[in-house]
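Here's the structure we're looking at; comments come further down.
The values are calculated or read from the model by the stated rules, or taken from the named source; none is laboratory data. Just so it is clear, the structure is predicted and the values come from calculations on it, not from any experiment. Virtual Cβ from ideal backbone geometry, glycine too; neighbours counted across all protein chains shown.
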Amino acid sequence: QVQLAESGGGLVQAEGSLGLSCVTSGVDFSSSGMTWYRQPPGKQREWVAVITTGGVTKYADSVKGRFTISRDNAKNTVYLQMNSLKPEDTGVYYCNSGLWPNYWGQGTQVTVSS
């Protein structure tokens, strides 16, 4: 059974930092590219960052230089370190497996106040 569990969200002031985690099970994690998405209030879900099985990373232009995606295959976990946060980073953050793209967790809420 595929499960994705995001955590680490919260309320932070602009220019602050948060670190998100996504623990997976049933995914064959080491064989899966992993992606972070977010859904701002009233908007569609959007791609934020991706990490391949080989550790290659790519970021949306809006977060480049501020966010860092990483993975720990031994823990079946993908991370998103978010620095210099802006109010427009507010949203629910989700992780997703490239092997199981139709499976989503509950997400974790990030709220950045100005």
Taking only region 24-66 into account, find how many residues are in contact (Cβ under 8 Å) with a residue 24 or more places away in the chain, under 19 Å from ALA14 (Cα atoms) and of a type outside the set (Gly, Ala, Ser). 6
Options VAL63, VAL78; residue that is within 16 Å of THR35 (Cα to Cα), within 11 Å of the chain's Cα centre (by Cα) and either modelled with pLDDT under 95 or among the hydrophobic types (A, V, I, L, M, F, W, C) (or both): VAL78
Can you confirm whether VAL27 is in contact with a strand residue (DSSP E or B) (Cβ under 9 Å, 6 or more places away or on another chain), aliphatic (A, V, I, L, M) and modelled with pLDDT under 95? yes
Considering SER84, SER25, SER32, which residue is more than 14 Å from the chain's Cα centre (by Cα), hydroxyl-bearing (Ser, Thr, Tyr) and under 22 Å from SER114 (Cα atoms)? SER84
Those residues that are closer than 16 Å to PHE67 by Cα and of a type in the set (D, E, K, R), I need them from region 1-20; list them, please. GLU15
